[in-house]
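These notes are about the structure you will find just below.
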C-alpha cells in the first residue's frame, strides 16, 4: 500500500477486490455488519419519532432545529476525545459500552414519555447524551474494521457496510412514519433501544483480540495523558500532507452539502407544489443513490485513484446541485438527487477504505475522529446559511450557491498535488 505516492506494481498485478459474499463469510465482520445495520435502522426510527413528537407538542420549527443541534453538537465537541479513547482502550469494549448506554437511555426516554408525558428539555437532554455515546462509538467502529478483514477486502467491506446501513436508515425512516401513524412514538423509541441492545450483543461476540489496539515503541513508555494522545493524532495529520489535504478539502464540502440535503423539503414545496409524494421520492433517491454508490465504488477499485476520484466526484456533485437549482422537471430533479447520493456513497467508501489501509492502527481512531469533527463542524454554518438564503431569496439561490461552491471546492482539491496522489495498492 502507498500513501501519497505513485504506487507500486502494475494494475494487472493487483488482486481483485473480494466479492461482498467473501467478506460476509468472515464471522467477525458479519457480527459488526449485523450490529451496524440494526442500530442504524433503529436510530432512523427514533429520529423520525423524536422530530414528530417535538413538533406535534410545541408547533415550533425552532424546537425541531434544537433536536438537530443535539444530534450534531456531540460529534463536534467530543470528536477528538473519542478518537483518542478509541486508540487507547479496547475498541470492542468502547463499542459495547456505548451501545448499552444508548439502549438504556432510549428505553428511559420511551418510559418517560409513556408514564410522565412530553417535556422538551428531557427529550433534548436524552438526545444529546445518546449522540455523545454515538460520537464515541463510530471512531472505534471504523478503526476496528481493518482488524476484521484483510486490506484487499476493505473496499468490499466498507461498500457493503455503508450501502446496507443507508438502506436500513431508509427503511427505518419509513417504519418510523408508519409507527407514528398506527401506534404512536413510544414504540419507535423502544425499537431503537432494542436495536442498540442487539448491536451490543453482536459486537460482544467479536473475538476479543480484535478490539486491542496495536502497540508501538511509544506505548512502552510512561503513561500519557489524553491531551498528549490527541496531540499525537493531530501531529500525525500534519506530518502526512495527503491525508491532511483530504480532511481540509472536505471541510467546506460538508458545509455546502448540508445546504442541499437539509432543504429538500423546501425545494420540493417550491418547485413541485401539490405533489405530496415528490419529497419522499427525492429523499429515497438520495438514500438509494448513496447505497448504490458505496457498493459500486467498491467494485471499481477506486482505491488506486483515491484522492483523484474523490475530488472529481465533488466537482460532479457541484454540477448536479446547479442542475437542481435550474430544474423544474421532476424526473430530472430525481435523477440529480440519485446521482448526488451515489457520489456521496462513493466518497465515503473510498475515504474509509483508504484511511483504514494506510494509517497505522495505533493512531487510526484519532485520524478518523478528525474527519468526524470536520464533517460535523461545517453543518451548523451550512444550515444557517442555507436557511437564510432559502428564506430571503428562494431555494434556487441556495442550491445555486451550494453548487457553485462545490464546483470550486472540487477544483481546488484537484489542484493539490499530494491529494491527487493519495491512493493505496492492495
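Since every read-out is calculated from the coordinates, none of them should be taken as a lab result. Treat the numbers as computed from the prediction; the structure is a model and nothing was measured. Glycine also receives a Cβ, built like all others from the backbone with ideal geometry; neighbour counts cover every protein chain displayed.
The table below lists the values:
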| quantity | calculated |
| --- | --- |
| Computed [θ] at 222 nm, deg cm²/dmol, the chain (DSSP H ≥ 4; -39,500 (n - 2.57); rounded to nearest 500) | -28000 deg cm²/dmol |
| Two-site FRET efficiency, residue 235 against residue 93, from Cβ-Cβ distance with R₀ of 30 Å, rounded to 0.05 | 0.70 |
| Förster radius 51 Å - calculated FRET efficiency between residue 69 and residue 417 (Cβ-Cβ, nearest 0.05) | 0.85 |
| In Å, descending, principal axis extents of the Cα set of the stretch 110-168 | 52, 22, 14 |
| Cut-off 20 Å (backbone N to label point 7 Å along Cα→Cβ of residue 104), residues of the stretch 185-207 | 189-205 |
| Rounded if a/c under 1.5, otherwise prolate or oblate - the stretch 54-98, Cα gyration tensor axes | oblate |
| Stretchable slack from residue 329 to residue 269, in nm (0.36 nm times residue separation minus alpha-carbon distance) | 20.2 nm |
| For the stretch 161-260, projected area of the alpha-carbon convex hull averaged over all directions, nm² | 11.0 |
| Percentage, to the nearest whole number, of Cα pairs in the stretch 119-207 over 21 Å apart | 46 |
| Ranked packing of 132-143, 72-83, most packed first, by mean Cβ within 10 Å | 132-143, 72-83 |
| Residue 25-residue 171 FRET efficiency (beta carbon distance; Förster radius 30 Å; 0.05 resolution) | 0.75 |
| Scaled radius of gyration (Cα, divided by 2.2 N^0.38 Å) that the stretch 270-426 gives | 1.13 |
| √(5λ) per eigenvalue of the Cα gyration tensor, the chain, largest first, Å | 32, 28, 20 |
| Label-point gap, in nm, between residue 224 and residue 55 - each point 7 angstrom along Cα→Cβ | 4.7 |
